[in-house]
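The values are calculated or read from the model by the stated rules, or taken from the named source; none is laboratory data. Keep in mind that this is a model prediction, so the values were computed, not measured. Neighbour counts run over all protein chains shown; Cβ positions are idealised from the backbone, glycine included. These area figures cover heavy atoms from the full protein model, side chains too; ligands, DNA and RNA do not enter into them. Shrake-Rupley method; radii C 1.70, N 1.55, O 1.52, S 1.80 Å.
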Amino acid sequence: MTHQEHPAERLEIAGFEPFSACDWPGKLAAVLFLQGCPWRCGYCHNFSIIDAKKPGVIPWQHVADTLTERRGLLDGVVFSGGEPTRQIALVDAAQRTKNLGFAVGLHTGGQYPTRVQALLPLLDWVGLDIKAPSEKYQAVTGRAPDNSKPMRTLHMLLDAGINVQVRTTLDPLTLDEEDIVTIREEVIAMGVTDYVVQRVRPDGTNPEYAAALAEYRQKTQRGVSDILPMT
Ligand code: SF4
């Protein structure tokens, strides 16, 4: 498999944010939202872009031209999704981004460890979702049987010495505080120093989930703070 077979031009890009201060901690970055994801997390706030059969709407050339104009104005580029590592053309896109002089960041659920392996020499930072204790992965993602692939991805990133932030979205419909403690202890034992719990947001989710969350919150009158640092 070569870059020529899967050039960046084949990337299915669902969205492009040229300036973001909140997708890579401490950095000003452009963000590409790549089409498609194999999982179906109820709380997915990018629900509209997870269908892998839908084509992208933004050509790579537009992204490349914009990045070329913004050299020196941005610290880096984050590939997000959907699940960006689903697309093989990501490797060439990350290489070309690096060639333009940008640092490369990645948001991933860790579904494709072998794709992450191919990206390792290009990555400067990764936001990796560890979504649940292993036995709850199916309930949270709707698809993954357990946490084996995300954990393989995490091992690989740590072994490569890449800066990684592990994140868990605290979905009160599937997780509780005990689950967060379990995940936190497991990843800290592996060597993670940056672990955050994220607030679940109803905006952009599928309507059934948004309704179920609203009902839950009404019943319990309970929420979580915006982002709870767990270090
Ligand atoms: S892994 Fe991420 S993009 Fe995919 S369904 Fe879950 S929240 Fe959405």
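Only one entry in Val181, Val116 is β-branched (Val, Ile, Thr), more than 19 Å from His45 (Cβ to Cβ) and in contact (Cβ under 8 Å) with a residue 40 or more places away in the chain, namely Val116. Taking the criterion of being open to solvent by 40 Å² or more (accessible area, probe 1.4 Å) and part of a strand (DSSP E or B), the only residue of segment 23-49 that qualifies is Phe33. Which members of segment 85-111 meet the condition of being open to solvent by 10 Å² or more (accessible area, probe 1.4 Å) and not in a loop (DSSP other than H, G, I, E, B)? Hits for segment 85-111 are Arg86, Val91, Asp92, Gln95, Arg96, Lys98, Asn99, Ala103, His107.
So for segment 162-172 (the condition being outside any helix (DSSP H, G or I), open to solvent by 50 Å² or more (accessible area, probe 1.4 Å) and within 23 Å of His45 (Cα to Cα)), does at least one residue qualify? Explain how you work it out, then say what you get.
Within segment 162-172, the subset outside any helix (DSSP H, G or I) is 162-172.
If we keep only those that are open to solvent by 50 Å² or more (accessible area, probe 1.4 Å) as well, we get 163.
From the residues that got through so far, the ones that are within 23 Å of His45 (Cα to Cα) too are none.
Scanning segment 162-172, I find no residue that is outside any helix (DSSP H, G or I), open to solvent by 50 Å² or more (accessible area, probe 1.4 Å) and within 23 Å of His45 (Cα to Cα), so the answer is no.
Within segment 25-49, track down each residue that is on the phi < 0 side of the Ramachandran plot and more than 16 Å from the ligand (Cβ to nearest atom). Answer for segment 25-49, where residues must be on the phi < 0 side of the Ramachandran plot and more than 16 Å from the ligand (Cβ to nearest atom): Pro25, Lys27, Leu28, Ala29, Ala30.
Do the conditions hold for His45, that is, is it under 15 Å from the mean Cα position of the chain (by Cα) and modelled with pLDDT under 95?
In short, yes.
Given the structure, is Val116 of a type in the set (Val, Ile, Thr), more than 11 Å from the ligand (Cβ to nearest atom) and surrounded by 24 or more Cβ atoms within 10 Å (Cβ to Cβ)? Yes.
Can we say Ser20 is open to solvent by less than 60 Å² (accessible area, probe 1.4 Å), in contact (Cβ under 8 Å) with a residue 24 or more places away in the chain and either in contact with a Pro (Cβ under 9 Å, 6 or more places away or on another chain) or more than 14 Å from the ligand (Cβ to nearest atom) (or both)? Yes: the conditions hold for Ser20.
Does any residue of segment 133-149 turn out to be within 16 Å of the chain's Cα centre (by Cα) and either surrounded by fewer than 20 Cβ atoms within 10 Å (Cβ to Cβ) or more than 19 Å from Cys44 (Cβ to Cβ) (or both)? Yes, there is a match, as at least one residue in segment 133-149 is within 16 Å of the chain's Cα centre (by Cα) and either surrounded by fewer than 20 Cβ atoms within 10 Å (Cβ to Cβ) or more than 19 Å from Cys44 (Cβ to Cβ) (or both).
No other residue among Ala52, Ala64 is within 16 Å of the ligand (Cβ to nearest atom) and either open to solvent by less than 50 Å² (accessible area, probe 1.4 Å) or hydrophobic (A, V, I, L, M, F, W, C) (or both) apart from Ala52.
Taking residues in segment 131-143 that are in a helix (DSSP H, G or I), and partners anywhere that are within 8 Å of the ligand (Cβ to nearest atom), the pairs with Cβ atoms closer than 7 Å and at least 6 places apart or on different chains are Tyr137/Lys131; Val140/Cys41; Val140/Lys131; Thr141/Trp39; Thr141/Arg40; Thr141/Cys41; Thr141/Lys131.
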